[in-house]
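The values are calculated or read from the model by the stated rules, or taken from the named source; none is laboratory data. All values derive from a computational prediction rather than experimental measurement. A quick note on method: Cβ atoms are made from the backbone with ideal geometry, for glycine too, and the neighbour counts reach across all protein chains shown. These area figures cover heavy atoms from the full protein model, side chains too; ligands, DNA and RNA do not enter into them. Shrake-Rupley method; radii C 1.70, N 1.55, O 1.52, S 1.80 Å.
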Amino acid sequence: MSGIAMPQPDIRILERAPQIVASLQEALPLDTVIFDPEETRAYECDALTAYRCAPLAVVLPRSTEEVAAVMRVCADMGVPVVPRGAGTSLAGGALPTADCVVIGTARLRDVLEIDTDNRFIRVQTGVTNLSVSEMLEPHGFFYAPDPSSQLACTIAGNIAMNSGGAHCLKYGVTTNNLMGATVVLTTGEIVELGGPELGPSGLDLLGLLCGSEGQLGIVTEAVLRIVPRPEGARPVLIGFDGAEVAGECVARIIRSGVLPVAIEYMDEPCLRAVEDFAHAGYPDCAAVLIVEVEGSPDEIADQIARIRDIAAALDPVEFRESRNADDALAIWKGRKSAFGAMGRLGDYICLDGTVPVGQLPYTLRRIGELSKQHGLEVANVFHAGDGNMHPLILFNANEPGQLERAEAFGADILRLCVEVGGCLTGEHGVGVEKRDLMGAQYDAVDLAVQMEVKDVFDPAWLLNPAKVFPLEASAAHRLKVAE
Amino acid sequence: MQTNFTPEQLADPATARSNEILRSCVHCGFCTATCPTYKLLGDELDSPRGRIYLIKDMLENNRVPDGKTVAHIDRCLSCLSCMTTCPSGVHYMHLVDHAREYIERTYRRPFAERVLRWLLAKILPYPGRFRLALRGAGLARPLRRLMPDARLRAMLDMAPRAIPPVSPNDAPQVFPAQGPRRRRVALLIGCAQRALNTDINDATIRLLRRHGCEVVIPKGIGCCGALTHHMGRTGESHAMAAANIRAVVAEIDGGGLDAVVLNTSGCGTTVKDYGHMFRNDPLAGDAARVAALAKDVTEVMAELGLRDAGHAEPLRVGYHSACSLQHGQQVRAAPKELLAQAGFMVLEPRDSHICCGSAGTYNLMQPEISGQLKARKVETLEALEPQVISAGNIGCMMQIGSGTGVPVVHTVELLDWATGGPQPHGLAGAGAGG
Amino acid sequence: MSTDAISRTAHAPGSEAELAEIVAGHFTTGQSLRVAGGGTRVQTGHVAGELLTTRAVSGVVAYEPGEMTLIARTGTPLHEVEAMLASEGQALAFEPPDLRRVLGGDGTPTIGGMVAANASGPRRIMAGACRDHLLGVRFVDGQGRILKNGGRVMKNVTGLDLSKLLCGSFGTLGVLTEVAMKTLPQAQARATLAFPGVDEAAALRIFSSALATPFEISGAAFHDGIAWLRIEGLPPQLAYRQKRLQDLFSGREIEILDADATVRLWRDLRDVTHFAGTEAPLWRVLVKPSDAPAIAAALRGLGGQVSLDWGGGLIWYCGPGEAGAVRDIAPHAVLVRRGEVEGPVFPRQSAPVERLSEGLRRKFDPAGILNPGLMEG
């Protein structure tokens, strides 16, 4: 394993493992607790496989009350808790520690209420993102945030990471579509935040909770804003022979007043990999934009005409409208599977920095230079409309030293993002992956106040250990608090 | 993802292949979403990603698997839905096949289970023995309540009450094409299928002949090996497959063949994989030739184009996509398009990518999960209010048929009817007549 | 909270550093501060302490129309910001209200006050609230520490989202000094469908039907027997949407208001001018929209009038009802114009939420000097 350190497991907890498991088994139905080392192994990592550690136990509760029961056991026995949705985090957001209990949400899968008059759906948070929209389809609504992993990822994970997606250019990210949450605190207390009304009428605790990466509580139920399905949507593909001109096209579209629902960017290495999987017929060129607009057929035609005019002025290699729904589906299937499809080329780490849109061309050029410097290939696929970049650094995990080089390259890219006015992570979260880079974006005091907020919710720091805050900073902070 | 095999381990071709597969997995978790057992059980260990992890751990450490590991891998339906979903192209089928073989070799199952698996392996692939067993089931039915094992009861429940007589069409012979010959094809007549239902082969032969195919039932053809292959009994499955390969190759080198036609998609998936199964065998070349010619009957029909359709009633057909067809062979559009061209109203259920729970011998070995999947499948199919349900795999037909009053027939039976053949037996008196 | 404690002293620092120094000084002495921007949004007359205004921490730091981003110091007058955006065809999509006519007073609304109050107008139902367009903040906490959170880019999940927490905290957690906002293209065309002669229940049915369509209703309000729906978009979109909605409500009498009338109407609705010119208490009540007719009727039963916005999700109640009676009917009611009403501005939250909120206040403002008591229910 590589550069990112994890804390030493607490030997006093490990020694009490049998009692902890027994207490969990007492509090929960038998098939809810997994503790056999052969079985906990499968929970040792999420989609960031470079970091792995099997937990002490995994529990798969079926209700808020069961989650609360686990929390009470863990709080009583001083055992850290790592919440896990579908385990699709690319940032190691669900990486266990050897002395922790993983609380999985996979069995919290009930849809509790669909209310189209008040435009919300209430679900248990283990439901997958895509299944929420599928459930709403007969009602003419959908749930807008659409992370690429939406097929598999859970609402719980979406809330923890404040997930975005391709279509958030128009509809916003999770926090803009979350109306309420049932939260289990470390005490085992169950709290309702927000609800079907457009709140809050006090402090925005829900806004604070969303994106807190499991540091403050575990969300077991959620009230989600639902949006009427557009009459239609159509993506167009615009191919360019260079990254910079593609970046310019993005800026001009945004300035024009047409607001597409999504503007996505894929470069040539990425296009090759996804074409193998999706067979979408992507143009063969240096950079491709997928621009999607919505509305009635006439509205779509009108917006596409405007975009065509903007693109034409920049001399694109190709401008292609999807011909039918299957075409559009294939185009999106390719984009949404891009990370997975890159697996065909080898191992990679996927970054998630955001830069101001105007800085895209410069940032892409610098990434190219850094790629040469580090001697590792990089592919780019990202949400261009909001500057949320996903450079994928390719390496060979079976060759010693390569992961470390890829990580050093990644750190350089993220520092670059901050330097040009952006941030470390746009939608994947800090997790363990970017934890030690937090200092690049925040001063010590900015981090201190965030840790003080955690103190309020989780005074013993049992929730999702060793994530978000640099280890040294959090250790120093806790020492200071203890004094 | 990273793997830890020694060079010695990688010298074994099966392990080398598994390493290659594991290396292509990025652990993204997409596969969990479309896995039937994960959807039911909600434990990652019962998902492809969890099983891949269990297999990786077992193979890397040359570990004798424990009961729990085996249980999770046994629960896999081999429906291969995960392979359709996987963006990284992880060949889960080859990996789980390797794992099953490894388990069969290294793990000693409890006695009752060993007996059960032995029985299945010795009966199902042999139509004669299977017929006898089915008669036996009829005698045993009154004793059902005394049976200690849910799996035994499941077997009994699956056994049909009426067993068709042996069809003369299943004997080795050549059926000439009607009209000018357009293709010469071999029909692999299957094993369990022809004990359970002779209409399917009969309809297939009529349909192909009517569309200008000379249909050969090769001499020496038997079980394709799929049933035992999925039980990890590689020795038996390879022996059966080898016999088939020789039989087909004799025809290729004799009268010549344009296609090897399968109408049991579970077998089709395996026959199409012969090249891989025999890649390190002297038969490799022949196996690859057979695999390359293997086609589902609907693939062949899509090539030939449906002629003079419209003889059947325009029924509402609930089309069930067999996993082996849609995931194993990636044949999705052809059956639906053919049925539509034949004049039927084709309807597809919600979650059509999810398995019905049949999955070879799965419904016999894992009756509980299988039963839940069956109930879901029947519910979503019945929601379509179909007049008939069609599928391209005998296993699915039996499974779904045991849970619904709606008649279940093979896709070729409907196509045969629409192009001038008799109305499928299953439809007679089922309210579909007019 | 006696009137004696309310000081006439006013601090109007010209920079963040200066502001931080003042707060740090008060942290040491424990003297409280009445934090305000232009003082136009919330009545803090009852809050103890010296006035601290951000008015002089002013000026736009950056505006990038192509990135849809504006960064401004918090004392920047809102009308200056809005004029600057309009010159590029952009706007703050959440339509911040101007409550001066309702509250009286002669202050100038600031962008900081807007964020501190999470001030959001009719378009909130479609575009989200102020907090949904807030990209990042700089602020000074109750110890005088200068802090930042978020940034200037549209997608940012780095660390805990304190920006959301600060937004709508009315100066109780910190004094905002700089905010970064997402800007959006202004609609190029707009119109209103007016449905006369309806009651709240009928209005709700109209709202629910219209808001279930894909026609991007950007306003759904009701007052005095008329329900209004606002549509916006590119010119061809507008015509199409209007037609489809007219078809949807073909059984009802509909009057179409043109662009100018639409602008005037929704500005008035946004600013609640129909409840201006009186001293009667004014309450802002957030409800589940389908509950609105019953709650509105109950509030009217206390005397006074109601109007609806946000498709029924926001009830404005202007009337003499006692605080206790109003909150019995509508537990989430916030007192916007005090009139003769005694008691807290904000409603009491559930016990665990109160405890967490109090815990947060103690971290951000350990000495309890920032708008003390303002947000306690």
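Any idea which of C:L314, C:L360, C:L356 is within 14 Å of chain A (Cβ to nearest Cβ), open to solvent by less than 50 Å² (accessible area, probe 1.4 Å), at pLDDT 95 or above and within 28 Å of C:A220 (Cβ to Cβ)?
Every option except C:L314 fails the conditions.
Which of (1) within 21 Å of B:W417 (Cβ to Cβ); (2) crowded, with 21+ Cβ neighbours inside 10 Å is the odd one out, the single condition B:R209 does not satisfy?
Unmet for B:R209, out of (1) within 21 Å of B:W417 (Cβ to Cβ); (2) crowded, with 21+ Cβ neighbours inside 10 Å: (2).
Out of the range B:58-68, which residues are at the interface with another protein chain (Cβ under 8 Å from one of its Cβ atoms) and either among the acidic types (D, E) or more than 22 Å from B:R105 (Cβ to Cβ) (or both)?
If the condition is that a residue be at the interface with another protein chain (Cβ under 8 Å from one of its Cβ atoms) and either among the acidic types (D, E) or more than 22 Å from B:R105 (Cβ to Cβ) (or both), then B:D66 is the only one that fits.
Would you confirm whether or not the range A:291-305 contains a residue that is more than 14 Å from every other protein chain (Cβ to nearest Cβ) and either at positive phi or over 32 Å from the mean Cα position of the chain (by Cα) (or both)?
No.
So which residues in the range C:69-98 are assigned to a loop (DSSP other than H, G, I, E, B), open to solvent by less than 20 Å² (accessible area, probe 1.4 Å) and touching a strand residue (DSSP E or B) at 6+ places or on another chain (Cβ under 7 Å), if there are any at all?
C:T74, C:G75, C:T76, C:L92, C:A93
So which of C:A351, C:A294, C:A323, C:A298 ends up being touching a Leu at 6+ places or on another chain (Cβ under 9 Å) and aliphatic (A, V, I, L, M)?
Going through C:A351, C:A294, C:A323, C:A298 in turn, just one is touching a Leu at 6+ places or on another chain (Cβ under 9 Å) and aliphatic (A, V, I, L, M): C:A323.
Kindly indicate whether A:G195 is at the interface with chain C (Cβ under 10 Å from one of its Cβ atoms) and crowded, with 23+ Cβ neighbours inside 10 Å.
no
Which ones in the range A:286-332 are open to solvent by less than 30 Å² (accessible area, probe 1.4 Å) and of a type in the set (D, E)?
Passing the criteria: A:E292, A:E294, A:E299, A:D327.
Could you tell me which numbered condition C:Q246 fails, if it satisfies all but one of (1) closer than 28 Å to C:P96 by Cβ; (2) open to solvent by 60 Å² or more (accessible area, probe 1.4 Å)?
Going through the list (1) closer than 28 Å to C:P96 by Cβ; (2) open to solvent by 60 Å² or more (accessible area, probe 1.4 Å), C:Q246 breaks only (1).
For the range C:147-171, what are the residues that are out of contact with any Phe, Trp or Tyr (no Cβ under 8 Å at 6 or more places or on another chain), at the interface with chain A (Cβ under 9 Å from one of its Cβ atoms) and in contact (Cβ under 8 Å) with a residue 24 or more places away in the chain?
C:G150, C:G151, C:R152, C:V153, C:M154, C:L162, C:S163, C:K164, C:L165, C:C167, C:G168, C:S169
Could you tell me how many of the residues in the range C:43-77 are touching a Leu at 6+ places or on another chain (Cβ under 8 Å), closer than 30 Å to A:H383 by Cβ and aliphatic (A, V, I, L, M)?
The qualifying residues number 4.
Read through the list (1) touching a Lys or Arg at 6+ places or on another chain (Cβ under 6 Å); (2) polar (S, T, N, Q); (3) closer than 25 Å to B:L306 by Cα, then give the number of the only condition that B:Q399 fails.
(3)
What number of residues within the range A:130-147 are open to solvent by 10 Å² or more (accessible area, probe 1.4 Å) and touching a Phe, Trp or Tyr at 6+ places or on another chain (Cβ under 6 Å)?
So the count comes out to 1.
Determine which single condition C:L135 fails, assuming it passes every other condition in (1) aliphatic (A, V, I, L, M); (2) facing another protein chain (nearest Cβ under 7 Å); (3) surrounded by fewer than 24 Cβ atoms within 10 Å (Cβ to Cβ).
Status for C:L135: all satisfied but (2).
Going residue by residue through the range B:338-348, is there one that turns out to be in contact with a strand residue (DSSP E or B) (Cβ under 6 Å, 6 or more places away or on another chain) and part of a helix (DSSP H, G or I)?
Yes: one or more hits.
When both residues are 6+ apart or on different chains and their Cβ atoms are under 9 Å apart, which pairs have a first residue that lies in the range A:233-245 and is in contact (Cβ under 8 Å) with a residue 40 or more places away in the chain and on the phi < 0 side of the Ramachandran plot, and a second that is among the basic types (K, R) and open to solvent by 40 Å² or more (accessible area, probe 1.4 Å)?
Partner pairs satisfying both residue conditions: A:V236/A:R308; A:V236/A:R320; A:L237/A:R320; A:I238/A:R308; A:I238/A:R320; A:G239/A:R320; A:A243/A:R365; A:E244/A:R365.
Just wondering, is there one or more residues in the range A:381-404 that are over 17 Å from C:K155 (Cα atoms), open to solvent by less than 40 Å² (accessible area, probe 1.4 Å) and in a helix (DSSP H, G or I)?
Within the range A:381-404, the first condition is being over 17 Å from C:K155 (Cα atoms), and the residues that meet it are A:392-404.
Those still in the list that are open to solvent by less than 40 Å² (accessible area, probe 1.4 Å) too: A:392-395, A:397, A:401-403.
Narrowing the set further to residues that are in a helix (DSSP H, G or I) leaves A:402-403.
Yes, the range A:381-404 contains at least one residue that is over 17 Å from C:K155 (Cα atoms), open to solvent by less than 40 Å² (accessible area, probe 1.4 Å) and in a helix (DSSP H, G or I).
Please identify the pairs in which a residue from the range A:138-152 that is more than 14 Å from chain B (Cβ to nearest Cβ) has its Cβ atom under 7 Å from the Cβ atom of a residue that is charged (D, E, K, R), counting only partners at least 6 apart or on another chain.
A:G140/A:R229; A:F141/A:R229; A:F142/A:R229
Select from the range B:26-57 the residues that are at the interface with chain A (Cβ under 7 Å from one of its Cβ atoms), assigned to a helix (DSSP H, G or I) and of a type outside the set (D, E) and list them in ascending order. Give the steps one after another, and end with the answer.
Let us first name the residues in the range B:26-57 that are at the interface with chain A (Cβ under 7 Å from one of its Cβ atoms), namely B:26-30, B:32-33, B:42-45, B:50, B:53-54, B:57.
Imposing the further condition that a residue be assigned to a helix (DSSP H, G or I) reduces the set to B:30, B:32-33, B:44-45, B:50, B:53-54, B:57.
Answer for the range B:26-57, where residues must be at the interface with chain A (Cβ under 7 Å from one of its Cβ atoms), assigned to a helix (DSSP H, G or I) and of a type outside the set (D, E): B:F30, B:T32, B:A33, B:L45, B:G50, B:Y53, B:L54.
Is it fair to say C:V102 is in contact with a Leu (Cβ under 8 Å, 6 or more places away or on another chain) and either outside any strand (DSSP E or B) or open to solvent by 20 Å² or more (accessible area, probe 1.4 Å) (or both)?
Against the criterion (in contact with a Leu (Cβ under 8 Å, 6 or more places away or on another chain) and either outside any strand (DSSP E or B) or open to solvent by 20 Å² or more (accessible area, probe 1.4 Å) (or both)), C:V102 qualifies.
Assuming C:P352 fulfils every condition listed in (1) in contact with a strand residue (DSSP E or B) (Cβ under 6 Å, 6 or more places away or on another chain); (2) farther than 28 Å from C:M126 by Cβ; (3) in a loop (DSSP other than H, G, I, E, B) apart from one, which condition is it?
(3)
When you go through A:V102, A:V123 one by one, which is the residue that is within 14 Å of chain B (Cβ to nearest Cβ) and either in contact with a strand residue (DSSP E or B) (Cβ under 6 Å, 6 or more places away or on another chain) or not polar (S, T, N, Q) (or both)?
Testing whether each residue is within 14 Å of chain B (Cβ to nearest Cβ) and either in contact with a strand residue (DSSP E or B) (Cβ under 6 Å, 6 or more places away or on another chain) or not polar (S, T, N, Q) (or both) leaves just A:V102.
So is A:A246 more than 10 Å from chain C (Cβ to nearest Cβ) and surrounded by fewer than 19 Cβ atoms within 10 Å (Cβ to Cβ) or not? Spell out how you get there, then give the answer.
Working: more than 10 Å from chain C (Cβ to nearest Cβ): yes; surrounded by fewer than 19 Cβ atoms within 10 Å (Cβ to Cβ): no.
It is false that A:A246 is more than 10 Å from chain C (Cβ to nearest Cβ) and surrounded by fewer than 19 Cβ atoms within 10 Å (Cβ to Cβ).
Which of the following residues is open to solvent by 10 Å² or more (accessible area, probe 1.4 Å) and within 14 Å of chain C (Cβ to nearest Cβ): A:G232, A:G211, A:G207?
Sole residue among the options that is open to solvent by 10 Å² or more (accessible area, probe 1.4 Å) and within 14 Å of chain C (Cβ to nearest Cβ): A:G232.
Out of all the residues in the range B:136-148, is one or more in a loop (DSSP other than H, G, I, E, B) and in contact (Cβ under 8 Å) with a residue 12 or more places away in the chain?
no
List pairs: first residue in the range C:283-299 and more than 8 Å from chain A (Cβ to nearest Cβ) and farther than 15 Å from C:A323 by Cα, second residue open to solvent by less than 40 Å² (accessible area, probe 1.4 Å) and acidic (D, E) anywhere in the structure, Cβ distance under 6 angstrom, at least six positions apart or on different chains.
Taking only residues 6 or more apart or on different chains, the pairs are C:P293/C:E200; C:A296/C:E200.
Residues that are of a type in the set (S, T, N, Q), open to solvent by less than 10 Å² (accessible area, probe 1.4 Å) and over 23 Å from A:G3 (Cα atoms): does the range A:445-455 have at least one?
Checked against the condition, which is being of a type in the set (S, T, N, Q), open to solvent by less than 10 Å² (accessible area, probe 1.4 Å) and over 23 Å from A:G3 (Cα atoms), the range A:445-455 yields at least one hit.
Given (1) part of a helix (DSSP H, G or I); (2) closer than 21 Å to B:L188 by Cβ, where does B:Q330 come up short, assuming only one miss?
(1)
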